[in-house]
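Contents: one structure, followed by commentary.
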Amino acid sequence: MKRITLPHTDIDAPNVVLGLMRIAEKSDDEIRQLVSAARDVGIDFFDHADVYGGALHECERRFSKALSLTASERAAITIQTKVGIVPDGPYFDFSAEHILESVDGSLAALDTDYIDILLLHRPDALAEPEEIARAFDTLHAAGKVRAFGVSNHTPRQIDLLKKYVHQPLVANQLQLSITHAPIIAQGVAGNMADVTQSITLDGGGIVDYCRVNDITIQAWSPFQAGFFTGTFLGSPQYPALNAVLDRLAKEYGVSPIAIATAWITRHPANMQVVLGTTNPDRVRAAAEGSEIPLTRSEWYELFRAAGYSVP
């Protein structure tokens, strides 16, 4: 498992991490088996959010109950969670009051004294960065949160936060897969007339922005064809892509899911791939893509097979 040090922190992290948004209906034993499979392949970084699981903090609570971590076991892993989505209204809330209340809820649900990384979930159009900064300062000073980041934010939204927030923003969690790659595809097709792919949708090159500013990109839904439209792996809608995935999987001696992982980890931005599966075997198979050295030709072949243009 390839490991990276998250910029501005002393967090040594794997480049493949386990997301836990789907564990609410799993038994304690199933959760333990899932986490054990992850640990066995070098994944010691776990991604949560306060809204995962239907009821508030439900997946965080299920994780804690199933594992019952000792102090030393807790210190050996990285726990990341997110705040800001309020599903039943007002939908998004980055007020200091909500951030502080939610973090306290996460700490209680996770049965821990601290969160390693706190991300602001989807952007709040009514966000007041001064309030966010006040909440971050309070949480950091109290030792409740060690590092901060964002999810699904554009360069300008991050710049606005950075004008007021004193702590470095260490991560930006963004949707990315071979078939859902506008944050990469736009740059490849920049300045091409009559190519929809060249249109900037992220506020101005979020991948390059994150690299310039030492912000780690965390790729969520790495195997989804689109926005929760199902996986592209084995899908009849992507015959050309799956033919390439199958061929490369055979050549490297791994499963196609490992090649799909490797397409992301091969990028020089040192991204993290956030797995969302609850199947231990898929965790093991996907993790094999952590260090596969796809060649440039192989990377671009996959990119083109997914339907993207290369000048």
Where residues in segment 95-119 are among the hydrophobic types (A, V, I, L, M, F, W, C) and in contact with a helix residue (DSSP H, G or I) (Cβ under 7 Å, 6 or more places away or on another chain), which of them is surrounded by the most Cβ atoms within 10 Å (Cβ to Cβ)? L118
Is it true that V283 is among the β-branched types (V, I, T), surrounded by fewer than 20 Cβ atoms within 10 Å (Cβ to Cβ), modelled with pLDDT of 95 or more and in contact with a helix residue (DSSP H, G or I) (Cβ under 8 Å, 6 or more places away or on another chain)? no
Suppose we filter segment 3-42 for residues that are assigned to a loop (DSSP other than H, G, I, E, B), under 28 Å from I259 (Cβ atoms) and touching a strand residue (DSSP E or B) at 6+ places or on another chain (Cβ under 7 Å); how many remain? 6
On the given criteria, is K65 basic (K, R) and over 18 Å from the mean Cα position of the chain (by Cα)? yes
So, in segment 234-284, of the ones that are among the small types (G, A, S) and assigned to a helix (DSSP H, G or I), which residue ends up farthest from R3 (Cα to Cα)? A240
Can you pull out the residues in segment 46-72 that are out of contact with any helix residue (DSSP H, G or I) (no Cβ under 6 Å at 6 or more places or on another chain), more than 15 Å from R32 (Cα to Cα) and without any contact (Cβ under 8 Å) to a residue 60 or more places away in the chain? G54, A55, L56, E58, A71, S72
Provide a single number: the residues in segment 72-94 that are over 14 Å from L119 (Cβ atoms), surrounded by 11 or more Cβ atoms within 10 Å (Cβ to Cβ) and among the hydroxyl-bearing types (S, T, Y). 1
Flag if R156 is in contact (Cβ under 8 Å) with a residue 40 or more places away in the chain, more than 29 Å from E30 (Cβ to Cβ), among the charged types (D, E, K, R) and assigned to a helix (DSSP H, G or I): yes
Given the structure, is D214 at pLDDT below 95 and either part of a loop (DSSP other than H, G, I, E, B) or among the charged types (D, E, K, R) (or both)? no
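The values are calculated or read from the model by the stated rules, or taken from the named source; none is laboratory data. Being a predicted model, the structure only gives us computed values, none of them experimental. Neighbour counts run over all protein chains shown; Cβ positions are idealised from the backbone, glycine included.
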